[in-house]
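These notes concern the structure reproduced below.
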Amino acid sequence: MTYYPHPLDYVTGLKHVLTHRKIRAELEITPDTFSVEEIVNLHGLGFDKDKGDYAVFRVVKKSIDSLRVKRRLAKQLGIPESNVLHLGLKDKESTSTQHFFVKKTLISRELRELHGENFTAILIGFTRVKPTRKSLVGNRFKVRLETASTNDYHTAEDLLRLVATSGLPSYYGYQRFGVERPISHLLGKQIILKREDRFSTLFLRDHYPWENPNSVTARVKGFIPRKLFYEKLYVESRLSKGLELVDKLTSKILVEAYASYLYNLLLNKLIDTYGWECLNRELPTPGCKSGELPLYMEIFEKEGLNPESAVQLGCWWRAGLFKPFDISLRLVNNTLEIGFSLRQGFYASVVLRELFKENLVLK
């Protein structure tokens, strides 16, 4: 077993992997090499092509994040963002297919298709009931990379078999924390601590190795471009309640990212203390009360977090191990194609990290 094989591991709290072996070819995550398709239980929502209370838009997006698509859909429909429902967030650097839901009464009867920069939304039908996160069954992932080595194929075959048998720690993956600026959890921590000063420095002043230099310059000089949507809102708020504003508009994603980071640290602690097998059970996130708090007490102390504040982090239970399914693998004309599916809440980047280690290149 090796530790922290990827440069982002130290920042995001991912530590353990099953083996030191890796695919030697480099996988750069781009919309051309990485695709994800949402698996939604539409039947359970009472799906019908012609009637129902909620319109279902199937959105195909490329090089754009889900929240930006949500904002643009709401603008085109002329409704508040809160009226556009989605079940998950898909990677910006991917070709993604996901579903957005809008109350039927809020859209025109003639509306069948919406187009925006880097996305297309097609009305595919209606559901009888309002969707919830439980309606998201999981996601199907595919990656493609160039390699002339049959050794890479056999390594991928062995590693995929090992992963399917042993499972992987249910780490929250890199995109939960950001890649260009892996600070979502750090911002969430400052929201919990109500430290506007530290939040402002992290959000506007500090810069990071993978970040676009132009974005750094714009933030530091205070000339925030439109694409830095939340930073622009934060500055325009004149920092008066700016922290709460960003927290609200991001639907508490930053606080949830901090909870995810603490959960990653818990997995490391359990593996270090008891071994891999101890993860084969349900584990609480840090916002769970009373009897589960001792699991996190040492982590809270190191983080300088008052346990009484933990309730803000939210409580849900999560399988300590997960296994990909519907695995596929083929090598065609020097192109290696890997496919797998994951249940809701588990991250493809954790699987790809196990396969590629530091040869996984994120943008």
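Laboratory data are not the source of any read-out in this text; all were calculated from the coordinates shown. This one's a predicted model, so the numbers in the text were calculated from it and none came from an experiment. Using ideal geometry, Cβ is built from the backbone for each residue, glycine included, and neighbour counts are taken over all protein chains shown.
Mind ordering 271-281, 182-192 by average Cβ neighbours within 10 Å, highest first?
182-192, 271-281
By the rule of a second cysteine Cβ within less than 4.7 angstrom, the chain holds isolated cysteines at C278. Only Lys, Arg, Asp and Glu carry charge here, each on its Cβ (+1 for the first two, -1 for the last two); on that basis segment 72-149 has a dipole of about 460 debye about its Cα centre. Between R161 and I79, the FRET efficiency estimated from the beta carbon spacing at R0 = 56 angstrom works out to 0.70.
Specify whether the C-alpha gyration tensor of segment 45-168 places it in the rounded, prolate or oblate class, a ≥ b ≥ c being the square roots of the eigenvalues: rounded for a/c under 1.5, otherwise prolate if a/b is larger than b/c and oblate if not.
Numbers: a/c = 2.93, a/b = 2.01, b/c = 1.45.
Prolate, since a/c reaches 1.5 and a/b exceeds b/c.
Principal axis extents of the C-alpha atoms in the chain (largest first, rounded to whole Å): 55, 51, 45.
Given the peptides 65-72, 332-339, arrange them by the average over their residues of other C-beta atoms within 10 Å, most packed first.
Details: 65-72: 19.1, 332-339: 14.1.
Packing proxy ranking, top to bottom: 65-72, 332-339.
Going toward the positive end of the dipole of segment 1-151, with +1 on Lys and Arg Cβ and -1 on Asp and Glu Cβ, which of A25, F57, H115 do you reach last? Farthest along the dipole direction, towards plus: F57. Label positions at E180 and V361, each projected 7 Å from the Cα along the C-beta direction, are separated by 1.8 nm. Taken about its Cα centre, the chain carries a charge dipole of roughly 1140 debye when the Cβ of each Lys and Arg holds +1 and the Cβ of each Asp and Glu holds -1. Run the simple label-point estimate for A319 and E28 please: 7 Å along Cα→C-beta, distance reported in nm. That separation, rounded to one decimal, is 3.5 nm.
Of the residues L106, S135, Y3, the one whose Cα sits farthest toward the positive end of the charge dipole of segment 1-152, with +1 on the Cβ of Lys and Arg and -1 on the Cβ of Asp and Glu, is L106. Among 343-350, 18-25, 129-136, sorting by the average number of other beta carbon atoms lying within 10 angstrom of each residue, highest first, gives 343-350, 18-25, 129-136. GNM on the chain, alpha-carbon springs under 10 angstrom: the most fluctuating residue among A74, A121, A156 is A74.
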